[in-house]
1. Could you pull out every one of the helices (runs of 4 or more DSSP H) wholly within the stretch 204-275 that has 3 or more residues that are free of Cβ contacts under 8 Å to residues at least 12 places away in the same chain and out of contact with any Phe, Trp or Tyr (no Cβ under 6 Å at 6 or more places or on another chain)?
2. Select, from Ala61, Ala39, Ala93, Ala52, the only residue that is at pLDDT 95 or above, out of contact with any helix residue (DSSP H, G or I) (no Cβ under 8 Å at 6 or more places or on another chain) and hydrophobic (A, V, I, L, M, F, W, C).
3. Give me a count of the residues in the stretch 18-47 that are crowded, with 16+ Cβ neighbours inside 10 Å and closer than 19 Å to Leu184 by Cα.
4. Kindly provide the set of residues from the stretch 18-31 that are touching a helix residue (DSSP H, G or I) at 6+ places or on another chain (Cβ under 7 Å) and either farther than 9 Å from Pro70 by Cα or at pLDDT below 60 (or both), ordered by number.
Amino acid sequence: MGRHLPVTVNQNCGLSDLPNMNFAEWFNIIFFSVISVFALVIPLPRNQRILACAIGSFGIAVCLLMFYSPAFLSEKASLNLRNWIPVMLIFIAYHQSGQLFNKPRPKFQALLLKLDNYLLGGFYRGPEVVRSNFFLSGLFEISYLVCYPLVPAALGALTLINLQDRADEFWIVVLPSTYVCYALIPFFPAFPPRLLDAVGIRPVPDSRIRAINIWILRHASIQANTFPSAHVAACTSASLVLLRHDVWIGTCFLCVSLSIAASVVMRRYHYTADAILGIAISFVTYILTA
């Protein structure tokens, strides 16, 4: 399922010789278009509305460039471009969706905090194992840091085991589960817990690794919570695709993904509900696309 159609191109390739648009291309075009329409119809500051449409237009242009790449690139170069550009498009889609965030919904945000306090409060007020143990706290911070390269690493793993022709199958699982989290931002707006003083849960202390994570978030994040967690959904989905084709590699990636899910909660990057639903969405998407 989801394989690329064979691409046959040469120096004289014309538009009639182009292959069909693959899943990642048409799915991204639809997503960028829908979010742009949302930005035009929901109440937003003018600058956010303009930026959302501009980012969407750029994303669509990139997708069309991928589609037409066989007309001016070699077969191998075009295939690699079309396989790998969606890694960048995930980041672009994240920032376009982020423009739909205006302000948090107090009742929903309070509900997430209340749930966290119910599930984690006793643990944090007790022996504080994670907080006082340098190894565990550092391990969780490193796990969170790994969430950024995990999806491209999983795609690279497919290439290493000579399954680069399964890239479309990879994106069929990863993109829907990730983009659902992005699309829900305007419907469930909230600040991430690291920016809040959660009742009953003490703030997580700083460390060098955490400082790196916070620096990345400060400069590359939309400063809004994704409900469910897009990081968890994307990483788990990518791992499940690998598990389908190679048990050992897939198991290793899935263990890392689950550690990421734990780290986003324990280090207050996401709410507990975000991580649980992120895992659930990835498994549902994986099953539906099997």
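1. Counting at least 3 such residues, we get 208-220, 247-266.
2. None of the other options fit; the residue is Ala61.
3. Here the count works out to 10.
4. Of everything in the stretch 18-31, those that are touching a helix residue (DSSP H, G or I) at 6+ places or on another chain (Cβ under 7 Å) and either farther than 9 Å from Pro70 by Cα or at pLDDT below 60 (or both) turn out to be Leu18, Met21, Asn22, Phe23, Ala24, Glu25, Phe27, Asn28, Ile29, Phe31.
The values are calculated or read from the model by the stated rules, or taken from the named source; none is laboratory data. Predicted, not measured: the structure shown is a model, and the values here were computed from it. Positions of Cβ are generated from backbone atoms using ideal geometry, with glycine treated the same way; all protein chains shown enter the neighbour counts.
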